[in-house]
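Undergrad: One structure is given below, represented as structure tokens, and several questions about it will come after.
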Amino acid sequence: MITTIIVFIIVFGILVIFHEFGHYIMAKRSGILVREFSVGMGPKVFFHRSGSTTFTLRLLPLGGYVRMAGEVDDGEEELKPGTPVTLQLNDQGVVTRINTSNKHSLFQGIPLTVTGTDLAHDLYIKGYENGDESDVKKYPVDHDAIIIESDGTELQIAPEDVQFQAAPLGKRMLTNFAGVFNNFILAILVYTILGFVQGGVQSNTNKINVMPSDSVARQAGVKSGDRILSINGHKTADWDQLAVQIQSNPGKKVTAEISRDGQNKSIRMTPKSNTQGGKKIGMIGITQSLDTSFKAKVLSGFTQTWTMTKTLLGALWSMVSGHFSLNDLGGPVAIFATTSQAASLGISGVLNFLAWLSLNLAIINLIPIPGLDGGKLVLNIIEAIRRKPVSQRTETVVTLIGFAFLMILMILVTWNDIERYFLH
């Protein structure tokens, strides 16, 4: 269990950092202020300011985010009239820090009860100093001033010129797509490493290797290097077709036609019945054959990423066009359960799992649902067609609806996962 938890946190951390770093680096290059780069969700555990960005580590290792200035989900705390703050000024009398938290105190800070602010355009804050309501004091605010939020997190304020909408449309689209792009890059890197770790690349052919122990195929007379041409008369021209036929016959006797040294022969065997993800599947103890050439290893990142992307897109299309079931989806609980299986297979299992998750994250994020990167790209495309941006109100409403849908779906998927993995 401890090993699974550690692997789960590491895998999730790598996924989040790669995905969010894509948004972060593209936003920086586009002149957009990234106020916070968070790994994890929920209460803040640690933060460190570097340049204009605050890097935070939060308690729950279930995601992360970048807060870009001016975005709908920036989540900036509003300094409403009556809010008590403490100001720190520079030698020119310009505000450089605004403290809204009781957890921090500013040296020689000026206590102020806010009556009005503008931290986007005119850059000022005004209010009653030291509780004296007979006089309203107004202070200019520095363009790069820091605001300390109620939980103690230090962030740079977000003037209009560094907000998300101030960037050209093309750069905003690239920023929205950059997280998905980084997930594909991560998958390519991990699959390449996996090719060298395994000593070769799994080929999507019907040529197989037989596992050395606990193998139904070995007991039936199948040997490594054999090609399985068909199962019960159904042609198996590649590994995917072979896996489907074996997995769909748990505990049922099947007839396999194999090719060995130019000779064909039929072998009968009964796949073992294993339960994975709440479903019974057949297994006969075989693995894909390996291409051990250097070229195959070097190119494996691209070939494996392309093959798995096609597989995932096919599965997604089947869900959309066929009968949808919550069992087709998996949330954190399912990922944790799968992490345990991956960890039991050693470094190769973990690397394969990491690459597979990275591609899943990329493809899911491209679905045009508000709140996901795909939904944001749709709004960008609409803006390009209309030649003007969608109103802030419309974008906010659409985004909130999207988040609500995703939260409800996550709750349903999580409960379904708990029933599948722990209550049956």
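The values are calculated or read from the model by the stated rules, or taken from the named source; none is laboratory data. Values in this document were obtained by computation on a predicted structure and should not be read as measured data. Cβ coordinates were reconstructed from backbone atoms using ideal geometry, including for glycine residues, and neighbour counts include every protein chain displayed. Calculation scope for accessible area: heavy atoms of the full protein, side chains included, ligands and nucleic acids excluded. Shrake-Rupley method; radii C 1.70, N 1.55, O 1.52, S 1.80 Å.
Undergrad: List, please: which pairs have Cβ atoms under 6 Å, are six or more places apart or on different chains, and start with a residue in region 364-384 that is touching a residue at least 12 places away in the same chain (Cβ under 8 Å) and open to solvent by less than 30 Å² (accessible area, probe 1.4 Å) and end with one that is of a type in the set (S, T, N, Q) and not in a loop (DSSP other than H, G, I, E, B)?
TA: Close Cβ pairs (under 6 Å, with a partner that is of a type in the set (S, T, N, Q) and not in a loop (DSSP other than H, G, I, E, B)) amount to 371/399; 372/365; 373/176; 373/365; 377/176.
Undergrad: Taking the conditions exactly as written (exposed (fewer than 12 other Cβ atoms within 10 Å of the Cβ), out of contact with any Pro (no Cβ under 6 Å at 6 or more places or on another chain) and either among the aliphatic types (A, V, I, L, M) or at pLDDT 90 or above (or both)), does residue 253 satisfy them or not?
TA: Yes.
Undergrad: Just wondering, is there one or more residues in region 161-171 that are polar (S, T, N, Q), closer than 30 Å to residue 381 by Cβ and in contact with a His (Cβ under 7 Å, 6 or more places away or on another chain)?
TA: So far as region 161-171 goes, no, none of its residues is polar (S, T, N, Q), closer than 30 Å to residue 381 by Cβ and in contact with a His (Cβ under 7 Å, 6 or more places away or on another chain).
Undergrad: Which number in (1) modelled with pLDDT under 90; (2) under 25 Å from residue 160 (Cβ atoms) marks the one condition that residue 42 misses?
TA: Answer for residue 42: the failing condition is (2).
Undergrad: Also, quick follow-up: Say whether the condition of being modelled with pLDDT of 90 or more, over 30 Å from residue 398 (Cα atoms) and exposed (fewer than 15 other Cβ atoms within 10 Å of the Cβ) is met by at least one residue in region 20-34.
TA: no
Undergrad: Among the candidates 423, 412, 400, single out the residue that is touching a Leu at 6+ places or on another chain (Cβ under 7 Å), modelled with pLDDT under 90, open to solvent by 70 Å² or more (accessible area, probe 1.4 Å) and not β-branched (Val, Ile, Thr).
TA: 412
Undergrad: Further, regarding this structure: Can you find a residue that is more than 30 Å from residue 33 (Cβ to Cβ) and open to solvent by 50 Å² or more (accessible area, probe 1.4 Å) anywhere in region 184-194?
TA: yes
Undergrad: Which pairs have Cβ atoms under 7 Å, sit 6 or more apart or on different chains, and link a residue in region 144-171 that is in contact (Cβ under 8 Å) with a residue 60 or more places away in the chain and in a helix (DSSP H, G or I) to one that is surrounded by 21 or more Cβ atoms within 10 Å (Cβ to Cβ) and of a type in the set (Val, Ile, Thr)?
TA: Pairs found: 162/32; 164/32.
Undergrad: Same structure, new question: Collect the residues in region 230-283 that are within 26 Å of residue 338 (Cβ to Cβ) and of a type in the set (Gly, Ala, Ser), keeping them in residue-number order.
TA: Hits for region 230-283 are 243, 248, 251, 273, 277, 278, 282.
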